[in-house]
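Trainee: Dumping the structure here so I can ask a few things about it.
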Amino acid sequence: MKLKDSRLLRQQAYVDGRWVDALSGETFAVCNPATGEEIVQVPWMAEADAAAAVEAAESAFVKWRKTTAKERAVILRCWYELMLDNADDLALLMTLEQGKPLSEAKGEVIYAASFIEWFAEEGKRAYGEIVPSHKPDTRILVSREPVGVVAAITPWNFPSAMITRKAAPALAAGCTFICKPAEDTPLSALALAELAERAGVPAGVFNIITGNPKALGAILTGSEKVRKLSFTGSTGVGKLLMAQCADTVKRVSLELGGNAPFIVFDDADLDRALDGAMASKYRNTGQTCVCTNRFLVQAGIYDRFVEGLAARTAALKVGSGLEPDVQQGPLINQAAVEKIQAHIDDAVAKGAEVVCGGKPHELGRTWFEPTVLKNVTTDMCVAREETFGPLAPIFKFTDETEAIAMANATEYGLAAYFYSRDLGRCWRVAEGLEYGMVGINEGVISTELAPFGGIKASGLGREGARQGLEEYLEYKYMLMGGL
Ligand code: ADP
């Protein structure tokens, strides 16, 4: 398979409107997880490269913040349309570097573009207000201003969407932006930069730096010139970056790990619950922070749910993301295979039963058999840790109070799902769940229209929706006197 537009495959970083190498000249390989083959080399940048990007973003901010929201919207709209025009190429690049099935990659490209479309418009609505004053000869004015230079550090599981849902509101608000994508998936990020340039995003406004995470992260979090960090990734790294931002009192948005429960009550529509379960569990081969990590199923429907989920799971087509109809691509790396195997082994040692799957797939490399476990109990690792793979552990509960308590018994609070046809229960459970997002009779909840984000150790801040713009705006209060 070949790209229609070969210029979307970039091998240099993008800083200040130029394609650049690392100052050291060093590079690193980007590999295809389905074959292990090297796709290309990209720059292995370090501190001095990051500092140059910060300088570029700082000087570009002077002009960009003065553009009108409408001028920015025109450029963002153009970027959005270029993403759609090039969706096939962007999807192919994503499948090559990340492994997800091509149809899912295309879905992500369209989802990623939707944030640019949304925030192009939403940027026009960064309204201030005039507040009734405390003194007759004064007026209180509150305006909104861009926070300044924004740094983003993004993960490999959504190589495109995790960038646009930060970059689009930042640029719409008048901020300039530097992103360090994950080492596994820099090519989608660089393709976005190519399209941003074609759309007319001025030099220095959108920058992509690739390379050494610690070195680049140290500058992005340590620089006084960077006024905000937006991070999506693991809770451990998120805590570290938040601490690194403390010295310069930066604003931070964090979208971290999850441990999503998926509760099925006896009164649920079983077919609907199974549809939702499959979509929630196996998207991106289980490698999303909102993927179900624990199925909690009421005793009366337990056996039927286990049987239904196992039948559907066993029917999933596993293979290379480039093959038609494949639903489960390879895992991102060997460590991911080891983690899922360790979770299965721990559960089985403590009494769980493998209903289907349970071991590495015969395709080899990082493919793993989609797995269903029953008779899972809360003393097992899967109760507490995020597996981030195609493993469906099914716990049993007896009543609503127990279900809510089990669901909340985690440090995380990102997404939760439940299925019930009882209206009163729907309200009680939705309100009882300590989560930032709740799917009620729905297994897929992400959209640019709604605020995405978590509570507790799952993070701070929201992405998408009108709240997503707030993250990139400051308030300024002006008291006008002597009237
Ligand atoms: P995952 O476990 O999903 O790979 P990580 O939190 O390790 O999640 O990675 C998310 C992003 O954070 C990636 O871009 C990665 O390069 C970056 N990252 C990892 N460690 C650090 C660090 N010490 N400083 C800055 N960025 C880091």
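The values are calculated or read from the model by the stated rules, or taken from the named source; none is laboratory data. On a predicted model such as this, the values are computed, not experimentally measured, just so you know. A quick note on method: Cβ atoms are made from the backbone with ideal geometry, for glycine too, and the neighbour counts reach across all protein chains shown. Calculation scope for accessible area: heavy atoms of the full protein, side chains included, ligands and nucleic acids excluded. Shrake-Rupley method; radii C 1.70, N 1.55, O 1.52, S 1.80 Å.
Trainee: Of the DSSP beta bridges with both residues in the chain, give the percent that are antiparallel, rounding to the nearest 5. Numbers along the way, then the final one.
Mentor: Working: 29 of 69 bridges.
Taking every DSSP beta bridge with both residues in the chain, the antiparallel ones total about 40 percent.
Trainee: Taking the convex hull of the alpha carbon atoms in the chain, what volume per residue do you get, in Å³? Write out the running numbers ahead of the final one.
Mentor: Numbers: hull volume 72.0 nm³, N = 483.
Spread over its residues, the Cα hull of the chain gives 149 Å³ apiece.
Trainee: Right, next: Send over a whole-number figure in Å² for the accessible area per residue of region 348-462, probe 1.4 Å.
Mentor: Working: 4930 Å² over 115 residues.
Here the per-residue accessible area is 43 Å².
Trainee: Further question on the same structure: What area, in nm² and to one decimal, does the C-alpha convex hull of region 381-483 cast on average over all directions? Please report the intermediate quantities before stating the final value.
Mentor: Working: hull surface 41.6 nm².
With the hull built on Cα positions only, its mean projection is 10.4 nm².
Trainee: May I ask for the Rg/Rh ratio of region 234-320, computed from Cα atoms with Rh as the Kirkwood radius, given to two decimals? Write out the running numbers ahead of the final one.
Mentor: On the way: Rg = 18.0 Å, Rh = 15.4 Å.
Value, to two decimals: 1.17.
Trainee: Also: Report, in debye and to the nearest 20, how large the dipole of the chain comes out about its Cα centre when Lys and Arg carry +1 and Asp and Glu carry -1 on their Cβ.
Mentor: On the way: 50 positive and 62 negative charges, 264 e Å.
With only Lys, Arg, Asp and Glu charged at Cβ, the dipole is about 1260 debye.
Trainee: Next up: Throw me the Rg/Rh for region 14-53, computed over C-alpha atoms with Kirkwood Rh, two decimals. Provide the component values of the computation, followed by the final result.
Mentor: On the way: Rg = 12.2 Å, Rh = 11.2 Å.
Taking Rg over the Kirkwood Rh, I get 1.09.
Trainee: Computed from the mean reciprocal separation of all distinct C-alpha pairs, what Kirkwood hydrodynamic radius does region 312-431 have, in Å?
Mentor: 16.0
Trainee: A follow-up question, please. Mean shadow of region 37-117, computed from the convex hull of its alpha carbons, in nm²? Don't jump to the answer; show the numbers that get you there.
Mentor: Details: hull surface 28.5 nm².
For the Cα atoms of region 37-117, the hull's average projected area reads 7.1 nm².
Trainee: Return the percentage of antiparallel bridges among DSSP beta bridges fully within region 337-483, rounded to the nearest 5 %.
Mentor: Details: 7 of 15 bridges.
In region 337-483, DSSP labels about 45 percent of beta bridges as antiparallel.
Trainee: If you don't mind, another one. Sort 410-416, 444-450 for me by packing, meaning the mean count of neighbouring Cβ atoms within 10 Å per residue, highest on top. Could you put the intermediate results ahead of the total?
Mentor: Numbers: 410-416: 25.1, 444-450: 15.9.
So the peptides 410-416, 444-450, ranked by packing, come out 410-416, 444-450.
Trainee: Whenever you get a sec, compute what percent of the accessible area on the chain sits on carbon and sulfur atoms (1.4 Å probe). Please report the intermediate quantities before stating the final value.
Mentor: Numbers: 10220 of 18980 Å².
Looking at the chain in its full context, I get 54 percent from C and S.
Trainee: In addition: Semi-axes of the equivalent ellipsoid of region 375-432: what are they in whole Å, largest first, if each equals the square root of 5 times a C-alpha gyration tensor eigenvalue? Working shown, then result.
Mentor: Working: eigenvalues 94, 33, 26 Å².
Computed over region 375-432, the values are 22, 13, 11 Å.
Trainee: Modelling each spin label as a point 7 Å along the Cα-to-Cβ direction, I'd like the Val62/Leu141 distance in nm, to one decimal.
Mentor: It is 2.4 nm.
Trainee: Can you tell me the Rg and Dmax of region 74-157, counting just the alpha carbons, in angstroms?
Mentor: 20.0, 65
Trainee: Bins of 10 Å, beginning at zero and ending with the bin holding the largest distance: percent of Cα pairs per bin for region 29-175, please.
Mentor: 10, 29, 30, 19, 7, 3, 1, 0
Trainee: On to the next question. Taking the dipole about the Cα centre of region 110-189, with the C-beta of Lys and Arg at +1 and of Asp and Glu at -1, give me whichever of Ala173, Phe119, Ala189 is farthest to the positive side.
Mentor: Ala173
Trainee: Can you tally the lysine pairs in region 188-298 where the Cα-Cα distance is under 26 Å and the two residues are eight or more apart, or on different chains?
Mentor: Number of lysine pairs found: 9.
Trainee: Rule-of-thumb check for region 92-227: C-alpha Rg over 2.2 N^0.38 Å? Spell out each step's value before the answer.
Mentor: On the way: Rg = 18.1 Å, N = 136, 2.2 N^0.38 = 14.2 Å.
After normalising by residue count via 2.2 N^0.38 Å, the value is 1.27.
Trainee: Could you give log10 I(q)/I(0) at q = 0.11, 0.16 Å⁻¹ for region 266-374, computed by the Debye formula over C-alpha point scatterers of equal weight, without solvent?
Mentor: Log10 of I(q)/I(0), two decimals: -0.35, -0.74.
Trainee: If the viscosity is 0.692 mPa s and the temperature 37 °C, what translational diffusion coefficient in µm²/s does Stokes-Einstein give for region 153-211 when Rh comes from Kirkwood over Cα pairs? Numbers along the way, then the final one.
Mentor: Values: Rh = 11.3 Å.
Translational D for this selection: 290 µm²/s.
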